[in-house]
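Here is the structure we will look at.
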């Protein structure tokens, strides 16, 4: 964000990209529900989602910083759902699913990660939660 | 209308051949659980496609060495996905298309734009989880919009089946409070 102009333009581009993908999603969903959405609806939804993402990223950053980390991990994301039990359940399930998947197929990938870390000459961390406690050099 | 129109024909061809999906009716309800089940189902289907990406996605200088290798990887993955969506078995197509309201790369980019500290990083797992979170958010918004539309129709409004901005205006406060 050196000057306002490039920053603004970048924001616009990201927004239009989001608009496109949201538009596709809404169309898809509408097809199945036998509905229709006005372009204004898609635009407004895009704005909403964009704002939500921005807020989310701020939150995540704050959570991680509060924990003294510079890397956001899944715990921070789980904190997002602190006010909504239903959401928490869903996210928890998704997380568990991800973890079991990783446990099954992630052995090779993890080995690779370790190699990468060593290459960059970083301390290999605490084993659990790759990248935990890792700081930028 | 230009953008949605152009995207329609391609997609419209797909689902028309497919039998109606069993999960469809649940979206009508305003319950998170309904949405949740569908999402979880989809998660199982979608996970493998972006599994191999790097653990840490970052904007900082660290990315440079990863970029060379992984950027091409990511692009290929994207292509593969869209290929699958269009050409693979019909049952898969229906599932693949609907699963991701926001592509992971775009979401990562948007998140990094939002960070104040440019050195902030995010784990791959956390990234996926945020993807899930935003997916739920968008689906929930859609489901609630439909709910609002149904309400409006019952109230004797003009029922052309078009989701309006007003629907979104009504649902947004509660939605944002819930997320």
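Please treat every number below as a calculation from the coordinates, not as lab data. Fair warning: this is a prediction, and the values are worked out from it, not measured in the lab. FYI the Cβ positions are ideal-geometry reconstructions off the backbone, even for glycines, and counts take in every protein chain you see.
Could you tell me whether the stretch A:18-31 includes any residue that is touching a strand residue (DSSP E or B) at 6+ places or on another chain (Cβ under 6 Å), outside any loop (DSSP other than H, G, I, E, B) and under 24 Å from residue B:146 (Cβ atoms)?
Residues of the stretch A:18-31 that are touching a strand residue (DSSP E or B) at 6+ places or on another chain (Cβ under 6 Å), as a first pass: A:26, A:30.
This time we only want the ones that are outside any loop (DSSP other than H, G, I, E, B), so: A:26, A:30.
Filter once more, keeping what is under 24 Å from residue B:146 (Cβ atoms): A:26, A:30.
Within the stretch A:18-31, one or more residues are touching a strand residue (DSSP E or B) at 6+ places or on another chain (Cβ under 6 Å), outside any loop (DSSP other than H, G, I, E, B) and under 24 Å from residue B:146 (Cβ atoms).
Among the residues making up the stretch A:5-18, a single one is over 27 Å from residue A:79 (Cα atoms) and within 7 Å of chain B (Cβ to nearest Cβ): A:17.
Assessment of the stretch A:44-67 against the conditions (over 20 Å from residue B:131 (Cβ atoms), facing chain B (nearest Cβ under 7 Å) and surrounded by 19 or more Cβ atoms within 10 Å (Cβ to Cβ)) yields at least one matching residue.
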